[in-house]
Amino acid sequence: MSGILVVLEQRDGKLHKMALEALAAGQQFGAGLGLPVFAAVLGSGVEQVAQSLAGYKLAKVHAIDHELLKDYTPDGFTVALKQLISAHTPSYVVFPHTYQVRDFAPKLATSLGRVLVSDVVGHRVDNDSLVAVRQLFQGKINSDVRFEGEAPFLLSVQAGAYRADTLESGSAPVEKVTPELNPGQIRTKPLELFRESARAVDLSAADIIVSVGRGIREQENIAIVQGLADALGAELAASRPICDNGWLPMERQVGSSGQTVAPKMYLAVGISGAIQHLVGMKGAKTIVAINKDPEAPIFEVADYGIVGDLFQVVPALIDELKK
Ligand SMILES: Cc1cc2nc3c(=O)[nH]c(=O)nc-3n(C[C@H](O)[C@H](O)[C@H](O)COP(=O)(O)OP(=O)(O)OC[C@H]3O[C@@H](n4cnc5c(N)ncnc54)[C@H](O)[C@@H]3O)c2cc1C
């Protein structure tokens, strides 16, 4: 193949939001390196979701279909992808840095005798090879990573690092691939999917996020910001002190030790914009900040800023939205 293979995550025939971001990354790598870009989706009955990719500028879409891939297992996905990679020898294999990818991609890389460069936030092309950019020390430092040795080179891209709305259209053939898989190769038995708690949430899939910080002062006041989230149809998120205090569950924390999110709009209420918070949300398409301190660092990344007291601004916004 000697191209770029982008492995896309789907569930029940629906692509993960980050899948198209990885595809956009793949297209940009391909454009820079002069390599064709291929996509692969895995599952059972995935032809339809594969067809939904036929309108993008891709050399081919592989629909890797097998009854044993119906439910995700690290063994099944690794065996199937290893077969595709061995048959087509792509130079680069690109994944979205989803929870599922974190689970199986290191195993796949090891089974190929390679490493996975994870959580890539950017790239450049140097002497016909890709230099990946990764963040260190909670985003304080960017590091360049070169791939050495033999292809394929595997990497995963961070949520929000590449934008799906930059995807180039085209027309791609879809090819069904049936991997050789037998039940004996799969050592785990998937049970029903569940979320850890009833309120668990995958913030990386949210279009609008309203996020609350220490400016809210007390737990009881969270209801005010929840009201704004409800009025916008948004998910509620928070900075770390809010979750450390137990005012909101940990799964709603955004930042270097929380979730990385890339919604269409991120509204930061009473959040200062510490680097550990910014690394988790600066990929949002539009950032709105409400803060009483005009010097707060959050305004450096904000597209729109309201300098004011959140206890006045938020109720006024809710009133306007309700109108
Ligand atoms: C290893 C490590 C990992 C970390 N990981 C994370 C992480 O994942 N996520 C994270 O968020 N943080 C993380 N932190 C913590 C981070 O450094 C900051 O301490 C934290 O983000 C600050 O949260 P905050 O903005 O809510 O609070 P503060 O920094 O206290 O900011 C509160 C803001 O509210 C404003 N404000 C106050 N009252 C009002 C009002 N009435 N109206 C409007 N504005 C008001 C203030 O002007 C201020 O800007 C981490 C720290 C470390 C060391």
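The values are calculated or read from the model by the stated rules, or taken from the named source; none is laboratory data. As the structure is a computational prediction, the values presented were derived from the model and not from experiment. Cβ atoms come from the backbone with ideal geometry, glycine included; neighbour counts cover every protein chain shown. SASA here: full protein model, heavy atoms, side chains in, ligands and nucleic acids out. Shrake-Rupley method; radii C 1.70, N 1.55, O 1.52, S 1.80 Å.
For region 297-314 and region 238-283, what is the centre-to-centre distance using only Cα atoms, to the nearest Å?
15
In degrees from 0 to 90, rounded to the nearest 10, what is the angle of the helix 99-111 Cα long axis to the longest principal axis of the chain?
30
For region 85-227, take every pair of Cα atoms, bin their distances at 10 Å starting from 0, and report each bin as a whole percent.
Reading the bins upward from 0: 8, 25, 32, 23, 9, 3.
Given region 58-165, what percent of its DSSP beta bridges are antiparallel, to the nearest 5?
Looking only at bridges with both residues in region 58-165, the antiparallel portion is about 60 percent.
Scale the Cα Rg of region 106-145 by the rule-of-thumb value 2.2 N^0.38 Å and send over the ratio, two decimals.
Normalised by 2.2 N^0.38 Å, the Cα Rg of region 106-145 equals 1.33.
Between the helical axis of 222-232 and the dominant principal axis of the chain, each derived from Cα atoms, what acute angle in degrees is found, rounded to the nearest 10?
Compared with the principal axis, the helix lies near 60 degrees.
If I build a Gaussian network model for the chain, linking alpha-carbon pairs within less than 10 angstrom, which residue out of Glu192, Glu175, Glu21 has the largest mean-square fluctuation?
Of Glu192, Glu175, Glu21, the most mobile in the Gaussian network model is Glu192.
Determine the percent antiparallel among the DSSP beta bridges restricted to the chain, to the nearest 5.
Among the beta bridges of the chain, antiparallel pairing accounts for roughly 25 percent.
From the phi of every residue in region 17-26, what ³J(HN,Hα) in whole Hz does the Karplus formula 6.51 cos²θ - 1.76 cosθ + 1.60 yield, where θ is phi - 60° and glycine or proline is x?
Couplings: 3, 6, 4, 6, 5, 5, 5, 5, 4, x Hz.
Per DSSP H run of n ≥ 4, the term is -39500 (n - 2.57); total these for the chain, divide by its residue number, and report the mean residue ellipticity at 222 nm rounded to 500 deg cm²/dmol.
-8000 deg cm²/dmol
Can you give the direction-averaged projected area of the convex hull of the alpha-carbon atoms in the chain, in nm²?
Its Cα hull, projected and averaged over all orientations, spans 17.7 nm².
Leaving ligands, DNA and RNA out of it, report the carbon-plus-sulfur percent of the accessible area of region 124-190 at a 1.4 Å probe.
46
Helix 310-322 versus the longest principal axis of the chain: what is the Cα-based angle in degrees, 0 to 90, to the nearest 10?
70
What's the carbon and sulfur percent of region 204-323's accessible surface, probe 1.4 angstrom, rounded to a whole number?
49
Looking at region 279-323, which GluC sites (Glu not before Pro) are in a loop (DSSP not H, G, I, E or B) and have at most 14 other Cβ atoms within 10 Å?
When the GluC sites (Glu not before Pro) of region 279-323 are filtered for loop state and at most 14 Cβ neighbours within 10 Å, Glu295 remain.
Which whole-number percent is the relative contact order of region 121-165 (Cα, under 8 Å, 6+ apart)?
Over region 121-165, the number comes to 32 percent.
Skip the ligands, DNA and RNA, and give the accessible area per residue of region 23-63 with a 1.4 Å probe, whole Å².
32
Tell me the relative contact order for region 185-254 as a rounded percent, counting alpha carbon contacts under 8 Å between residues six or more apart.
The value is 31 percent.
Return the carbon/sulfur percentage of the accessible area of region 1-83, one whole number, probe 1.4 Å, all protein chains in place.
Looking at region 1-83 in its full context, I get 49 percent from C and S.
Mean separation of Cα pairs under 8 Å and 6+ residues apart, divided by the residue count of the chain: what relative contact order is that in percent?
With pairs under 8 Å counted, the relative contact order is 15 percent.
Give me the dipole magnitude in Debye, nearest 20, for region 168-258 about the Cα centre, with unit charges on the beta carbon: positive for Lys and Arg, negative for Asp and Glu.
With Lys and Arg at +1 and Asp and Glu at -1, about 280 debye.
Calculate, for region 162-242, the solvent-accessible area per residue in square angstrom, rolling a 1.4 angstrom probe over the heavy atoms of the protein chains.
Solvent-accessible surface per residue comes out at 61 Å².
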